[in-house]
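Here is the structure we will look at, set down as structure tokens.
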């Protein structure tokens, strides 16, 4: 650990000395101003002595016209197009909480190298305690920012390009069979049954279904228009656009499900689904008072109606996809229904459930084999 000592010079000025051990010996670096000394101390505590001194040397040799980290990130975020204000706020929070304190708010961007990025990732994991997915998100932002600097010619290469990130373990998807969903819906309170049935039929995300208004339902065509979604920014819920361009979609619904919806006597601007207080559905309240108790009761049942499964709310979206693919709905139709931006996402996530292509391939090979089989050819192992 480094420390700072103040020493009075013969001319009366104050020297700010950073003390540290290097190669087993006591060493020091002196600054005229306390801010530079504090920054070096913090870097040494986080990066280690050698990396901190390398950054300091790089800064002293850096192009004086190179932009500082804070100014460069703010400029990058402000100039982004196609993003919402909440996204800009989140990116600037990354800067304030994760980038500036570690690298230094005014560090020239051209001195941040791959080793510094690697140490930053380790710091997020080992010191801050971020989840692997959170680290991947933060690194992804830094990668995109650095890529913009490469494109502009401010830096020659992207220091994030070869970073090895901790593995992100995707939560295992749960697909409910019809009888399992029937057991679940029986445990759901009557006032919430249509909401849960709508979730599995539409395959919507919770942020989408809770943002639906009465006017989004077309009773004549039995459709639902997904055009907005709730997002969380700074710990508060904000209504915005769906997750992606494809997420803004029109879904076909079964007429019997549309008939269950409470539409009569309501204005087009009313929330389609509301909580017990008449306001927009609160996801946390729904989970704690409706979903979790229902799942817990089923899991405690000796007959095990869920077959050992513990479904999350989001697993109803996965169940929707599995039911469609199980009945031979083309995977590109499933993609549109779920609002995936790319069919690659749908294939990667649910492709293993679509057995039609494999069955067709097996049929082709079987036909070839049957036409090439010689008369009287015995089956291996037959008597």
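Every read-out reported here was derived from the displayed coordinates using simple, explicitly stated rules and does not represent laboratory data. What you see is a predicted model, and the numbers here were worked out from it, not measured in a lab. Neighbour counts are summed over all protein chains in view; Cβ atoms, including those assigned to glycine, are modelled from backbone coordinates with ideal geometry.
Each peptide in 99-105, 162-168 gets a packing score, the mean of other Cβ atoms within 10 Å over its residues, and the list from highest to lowest is 99-105, 162-168. Each Cα pair under 8 Å and six or more residues apart adds its separation to the average, and for region 62-169 the resulting relative contact order is 29 percent.
Cβ crowding within 10 Å, taken as a proxy for footprinting-reagent exposure, orders 287, 91, 232 from fewest neighbours to most as 232, 287, 91. Measuring nothing but how far apart in sequence close Cα pairs (under 8 Å, 6+ apart) lie, relative to its length, the chain scores a relative contact order of 12 percent. What the Cα atoms of region 178-356 give is an Rg and a Dmax of 16.4, 47 Å. Pairing the Cα long axis of helix 69-79 with the longest principal axis of the chain, what angle in degrees results, from 0 to 90 and rounded to the nearest 10? Result, in degrees: 40.
Summary of packing: across the peptides 248-255, 50-57, the per-residue average of other C-beta atoms within 10 Å ranks them, highest first, as 50-57, 248-255. Axis angle, to the nearest 10 degrees, between helix 132-152 and the longest C-alpha principal axis of the chain: 60 degrees. Residue order for 16, 225, fewest other beta carbons within 10 angstrom first, comes to 225, 16. Nearest 10 degrees, 0 to 90: what angle lies between the long axis of helix 85-94 and the longest principal axis of the chain (Cα atoms)? Once rounded, the angle reads 50 degrees.
Kirkwood radius for region 1-61, taken over all pairs of different Cα atoms as the inverse mean of 1/r, rounds to 11.8 Å.
Exposure proxy shown here: for 198, 31, the number of other Cβ atoms within 10 Å sets the order, fewest to most, as 31, 198.
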